[in-house]
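Asks: To start, I am sharing the structure in question, which I have written as structure tokens.
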Amino acid sequence: MKFGVVIFPGSNCVTDCYYALRDVLGQDTEYIWHGTKDLNYFDCIVLPGGFSYGDYLRCGAIARFSPVMDSVLEFAHSGKPVIGICNGFQVLTEAGLLPGALLRNKNMKFICDNVFLKTENTNTPFTNLCSGEQVLKIPVAHGDGNYYVDDETLKSMKENNQIVFRYCDAQGHVTDKANPNGSLGNIAGVCNREGNVLGMMPHPERCMEKILGNEDGIVILKSMVNYLKGGVING
Amino acid sequence: MDKKAYEKVGLTSGEYGRIVDILGRQPNNLELNLYGVMWSEHCSYKNSKPVLRMFPTSGQRVLQGPGENAGIVDIGDGLAVVMKIESHNHPSAVEPYQGAATGAGGIIRDIFTMGARPVALLNSLRFGELDNDRTKYLFENVVAGIGGYGNCIGIPTVGGEVYFNDCYKGNPLVNAMCVGIIRHKDIKKGTASGAGNAVMIVGAPTGRDGMGGASFASTELNQESQENRSAVQVGDPFMEKLLLEACLELFDTGCVIGVQDLGAAGLTSASSETASRGGSGMDIDVDLVPRRETGMIPVEVMISESQERMLVIVEKGREEEVTGVFEKWGLHSSVIGRVTDDGILTVRDKGQVVGRLPAKSLADEAPVYHREYKEPSYLEQIRVLDADRLEIPADLNGVLMKLLASPSIASKEWVYRQYDHMVMTNTAVAPGSDAAVIRIRGTNKAIALTTDCNSRYCYLNPGVGGAIAIAEAARNLVCSGARPLAVTDGLNFGNPEKPGVFWQFRQAVSGMSEACRVLDTPVISGNVSFYNETDTHAVFPTPVVGMVGLVENTANITTQAFKDEGDIIVLLGKNGEEAGGSEYLKVVHGLEKGSVPNLNLDEEKRLQDCCLELIDSGMVKSAHDCSEGGMAVALAESCISGGLGAEVEFETCGRKDFLLFGETQSRILVTVEKGKLEQLKNIVGRFDVPVLELGRVKGEKLEITVAGQKEIGLDVRDIETNWRGAIKCIME
């Protein structure tokens, strides 16, 4: 079972994801250079956060043309799990693997802070160890995390249970005040129709250890391990 | 040669004469420009050198003192901390976003030039009062610029300070600090040696931006400065991220002899300084430098301050290894010349020699000035504070709330929320406590980081103010559980040619030096920024102290937050009622005067040792330095951070307002479990430090009784809303 963390030029959470998987969870993990095409011996791909290609033009817009992305598309279409965190989420929407787009934060400023997430779908490779509606404290750090999608798509996303995380308060109430960036419906993370591709703006890899004051991210990464081990997905 | 030519590049007639003596002839235009930038104050420290010699710069742990791109201090296990602070004041006054962004970019390069991976950024910012649009614009864009650069490159901005005072209106101060971690064996130096070795320029192509920035930084700001935007560089953090990764990968190959960042004075300083350090010369051809603009003449290439470039000295025959690594990262790398053994910097254009000058004369032989100094006359009037004429406010609750909403004291969340302070996943203590703490992976250690300076104290008494800046920085680290290791200083002053300003400078450095000696924190790197003046006034003397400390065991990391109901609140150190120079006097009485608080360095040292011993013993649950706003603000901050109230009592026969809001030095508030109080007192007794039980952590209110009367009674939630929202409310 092998995890791969993709390095685009300008990705800056590469080491963080690698460390979280390899050192904190003890998983076999390798870096994947953006020029790589062969992803055959990986079981799960992580598109990490950062500023791929400087986020010039539009966040994730250039990275989607990296050679590795053709293979990531293929990998995802074969049903294997792909997670995009922050910039990785932006790349996945640009690549068409996930619906919607991420716009500038409503207040037009970069936001780095702890936020709370309500888990709305535990039937995914990334949330199968979460309890129903579990509230997780996970940090965000982005300038463009304002999720937007058209009404029709949103409707079908709801029907398909594709909204995985929403911003909420510490008690799990999804309120305007708990929405850090103006995201439509407080959406913080979504998956594809098949459920094997997840994009989320918050950074679970940043809260995996006691010394960092927060371990809520563990459940997400452990869910991935559990899924790959053939663990049961919640029904 | 036209007499004005040397004036145009910022040189005096005396300096011009010296150049003619060195060369034995008149310099040509290119050569003159090179001397102009290299002999500017910014590059040569010609006004400050003799004074800076006062600083203690060596110590058991110092691996690299001043004189390199950054200082290095040992933290054991074969590891070391690399640190430096630098000012970007003038660029930020004119073009705040790019000025601040490139300030961060420049200081990051100084760190990885030494071979280290940068792990944290800090800053020290000063603006005018937030009562006008121009200042808000500067504040907003400086913060955005620092964030824009640090967030993109992926180095956490973990701490700093922001102050507001009218003396900075028109001349804000933007000091950026970077800290890196390195293995001793990987340390790189800015040295060019070995005739025939290749001189390569790597990273971004060269353009016309930042022309003469070093000279621009060495004059006062005026109306014309606003037009001087071409002296401000433009930053590209994405490019720097690639450069950072490529350089660290390159250093691993072992083919690099020396490396230097192209900062102030660009290729001129990088070439002449590396050659001078190595006792070598260099023969370079500007035609081989990759450009991003056409039609650049040789002098423009030599003094351009285009960002994200490095000069690398590479072992002869291994140039292709460099090209390989940089191509992988999509970056330029070009051989532009060779190291020579003649000590001469030879500049060519398409092979033709266009300048020949001794490298050492550019880098190290600028004239040194022993400036005149004299105590400025303003001091006499502001020293005296007639306290009897100040009414004691009836509503001390109101005073506390007003102080907590004063932008210099209020929460800086509006600022640090815009900085990614968590990337790299090492931030154990985020912004908002006494110091930031970064754990060192693979060890049980952590480092604590802070920047500090109360410039009002320095304005009222630069000697004591300078010493307090060092003492307070060290105290902040100690409160976090760290033993202070070393200092990087950012000395921001007015025009040194004015005797009053130079007196402030000398006094401040002297006060800092004494404190550094007693507290065993040598100065290992730093930066001097003079000419921080506008048409009407100079800034307060502002010697910013950047300090790093070592937490030997991460279990000892301590924060200011109250932890548990029932814990006993104890004051270490002598309580006092010194109000001179306080935020209270300024905010409530509109006065910036009086005697600054007294500082006894021996007492301070004992206090800090005592606090560390207590933390080591494992009994301290929280520790917080009492600084701006005094005891009442310190208690309020610990309540807010912990989400808990406190009940506290003081005795006094003096003034209640001075007791609560005065800024007496050498005081630390700690909390312990009730059952451990006696044990604490025993340890404190060994250090001969005064100790006073003040009260306990309790409920949801902060209640302070003074001389039997309840003076403060506020809900922690109300205090927090007021403190947290103050800056946001002004800015949005």
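Asks: Based on what the data block shows, is B:G147 within 14 Å of chain A (Cβ to nearest Cβ) and at pLDDT 95 or above?
Replies: Judged against the criteria, B:G147 is a match.
Asks: Please go through segment B:300-348 and pick out each residue that is among the polar types (S, T, N, Q) and away from chain A (no Cβ under 14 Å).
Replies: Selection gives B:S304, B:S306, B:T323, B:S333, B:S334, B:T340, B:T346.
Asks: Further question on the same structure: Consider A:D16 carefully, then state whether it is modelled with pLDDT under 95, of a type in the set (D, E) and closer than 23 Å to B:L244 by Cα.
Replies: No, not satisfied.
Asks: Yes or no: A:A141 out of contact with any His (no Cβ under 6 Å at 6 or more places or on another chain), part of a loop (DSSP other than H, G, I, E, B) and hydrophobic (A, V, I, L, M, F, W, C)?
Replies: So A:A141 fails the test.
Asks: Would you check which residues across segment B:1-32 are part of a loop (DSSP other than H, G, I, E, B), farther than 20 Å from B:D364 by Cβ and free of Cβ contacts under 8 Å to residues at least 24 places away in the same chain and list them?
Replies: B:D2, B:K3, B:R25
Asks: Just to check your reading of the model, which residue among A:K137, A:K158, A:K177, A:K210 is of a type in the set (K, R), out of contact with any helix residue (DSSP H, G or I) (no Cβ under 7 Å at 6 or more places or on another chain) and touching a residue at least 24 places away in the same chain (Cβ under 8 Å)?
Replies: Among A:K137, A:K158, A:K177, A:K210, only A:K137 is of a type in the set (K, R), out of contact with any helix residue (DSSP H, G or I) (no Cβ under 7 Å at 6 or more places or on another chain) and touching a residue at least 24 places away in the same chain (Cβ under 8 Å).
Asks: So which of B:G355, B:G317, B:G343, B:G295 is surrounded by fewer than 22 Cβ atoms within 10 Å (Cβ to Cβ) and touching a strand residue (DSSP E or B) at 6+ places or on another chain (Cβ under 8 Å)?
Replies: Unique residue meeting the criteria: B:G343.
Asks: Here is a check on your reading of the model: is B:S334 surrounded by 21 or more Cβ atoms within 10 Å (Cβ to Cβ) and within 20 Å of B:V259 (Cα to Cα)?
Replies: For B:S334, the condition - surrounded by 21 or more Cβ atoms within 10 Å (Cβ to Cβ) and within 20 Å of B:V259 (Cα to Cα) - is not met.
Asks: Something else now. Is it the case that some residue within segment B:474-483 is aliphatic (A, V, I, L, M), closer than 13 Å to B:T57 by Cα and either surrounded by fewer than 24 Cβ atoms within 10 Å (Cβ to Cβ) or in contact with a Gly (Cβ under 9 Å, 6 or more places away or on another chain) (or both)?
Replies: No, segment B:474-483 contains no residue that is aliphatic (A, V, I, L, M), closer than 13 Å to B:T57 by Cα and either surrounded by fewer than 24 Cβ atoms within 10 Å (Cβ to Cβ) or in contact with a Gly (Cβ under 9 Å, 6 or more places away or on another chain) (or both).
Asks: Go through (1) within 14 Å of chain B (Cβ to nearest Cβ); (2) under 22 Å from A:C207 (Cα atoms); (3) over 14 Å from the mean Cα position of the chain (by Cα) for A:K177 and report which single condition fails.
Replies: Exception for A:K177: condition (2).
Asks: I'd like to check which strands (runs of 3 or more DSSP E) are fully inside segment B:251-363 and have at least 2 residues that are out of contact with any His (no Cβ under 6 Å at 6 or more places or on another chain), on the phi > 0 side of the Ramachandran plot and at pLDDT below 95.
Replies: Here the list is empty.
Asks: It is to be established whether one or more residues within segment A:217-227 are among the aromatic types (F, W, Y) and surrounded by 19 or more Cβ atoms within 10 Å (Cβ to Cβ).
Replies: yes
Asks: Where in segment B:646-732 are there strands (runs of 3 or more DSSP E), lying wholly inside it, with at least 3 residues that are under 16 Å from B:L396 (Cβ atoms), of a type in the set (A, V, I, L, M, F, W, C) and within 33 Å of the chain's Cα centre (by Cα)?
Replies: So the answer is none; nothing clears 3.
Asks: Turning to a different aspect of this structure: When you scan segment A:66-87, how many residues do you find that are more than 14 Å from every other protein chain (Cβ to nearest Cβ) and either touching a residue at least 12 places away in the same chain (Cβ under 8 Å) or in contact with a helix residue (DSSP H, G or I) (Cβ under 9 Å, 6 or more places away or on another chain) (or both)?
Replies: Qualifying residue count, segment A:66-87: 15.
Asks: Restricting the search to segment B:235-265, which residues are of a type in the set (S, T, N, Q) and over 30 Å from B:L32 (Cβ atoms)?
Replies: B:T253 - this is the single residue of segment B:235-265 that is of a type in the set (S, T, N, Q) and over 30 Å from B:L32 (Cβ atoms).
Asks: I'd like the full set of residues that are of a type in the set (A, V, I, L, M, F, W, C) and either surrounded by fewer than 19 Cβ atoms within 10 Å (Cβ to Cβ) or in contact with a Cys (Cβ under 8 Å, 6 or more places away or on another chain) (or both), limited to segment B:402-423.
Replies: Selection gives B:M422, B:V423.
Asks: Could you please find all residues in segment B:412-429 being at the interface with chain A (Cβ under 8 Å from one of its Cβ atoms) and touching a Phe, Trp or Tyr at 6+ places or on another chain (Cβ under 9 Å)?
Replies: Scanning segment B:412-429 gives B:R417, B:Q418, B:Y419, B:D420, B:T425.
Asks: Further question: Among the residues of segment A:15-51, which ones are buried (at least 18 other Cβ atoms within 10 Å of the Cβ), facing chain B (nearest Cβ under 9 Å) and touching a strand residue (DSSP E or B) at 6+ places or on another chain (Cβ under 6 Å)?
Replies: A:G49, A:G50
Asks: Yes or no: A:A101 small (G, A, S) and surrounded by fewer than 18 Cβ atoms within 10 Å (Cβ to Cβ)?
Replies: yes
Asks: Please give the number of the condition A:D144 fails out of (1) within 14 Å of another protein chain (Cβ to nearest Cβ); (2) in contact (Cβ under 8 Å) with a residue 12 or more places away in the chain; (3) under 30 Å from B:I447 (Cα atoms).
Replies: Exception for A:D144: condition (3).
Asks: On to the next question. Tell me which residues, restricted to segment A:218-233, are over 15 Å from A:P202 (Cβ atoms) and modelled with pLDDT of 95 or more.
Replies: Listed by number, the residues that qualify are A:K222, A:M224, A:V225, A:N226, A:Y227, A:L228.
Asks: Looking at segment B:544-560, which of the residues that are assigned to a loop (DSSP other than H, G, I, E, B) and within 11 Å of another protein chain (Cβ to nearest Cβ) is surrounded by the most Cβ atoms within 10 Å (Cβ to Cβ)?
Replies: Taking the candidates together, the pick is B:T559.
Asks: Something else: Does B:G466 meet the test of being buried (at least 22 other Cβ atoms within 10 Å of the Cβ) and of a type in the set (G, A, S)?
Replies: Answer is yes for this residue.
Asks: Here is a follow-up. Could you list, ordered by first residue, the pairs with Cβ atoms under 6 Å in which the first is in segment B:672-695 and under 16 Å from B:G566 (Cα atoms) and the second is part of a helix (DSSP H, G or I), at least 6 apart or interchain?
Replies: Hits for this filter: B:V672/B:L680.
Asks: In addition: What are the residues in segment A:191-213 that are more than 14 Å from every other protein chain (Cβ to nearest Cβ) and either of a type in the set (G, A, S) or surrounded by fewer than 24 Cβ atoms within 10 Å (Cβ to Cβ) (or both), if any?
Replies: If the condition is that a residue be more than 14 Å from every other protein chain (Cβ to nearest Cβ) and either of a type in the set (G, A, S) or surrounded by fewer than 24 Cβ atoms within 10 Å (Cβ to Cβ) (or both), then A:N192, A:R193, A:E194, A:G195, A:N196, A:G199 are the ones that fit.
The values are calculated or read from the model by the stated rules, or taken from the named source; none is laboratory data. As the structure is a computational prediction, the values presented were derived from the model and not from experiment. Please note: Cβ atoms are built from the backbone with ideal geometry, for glycine as well, and neighbour counts cover all protein chains shown.
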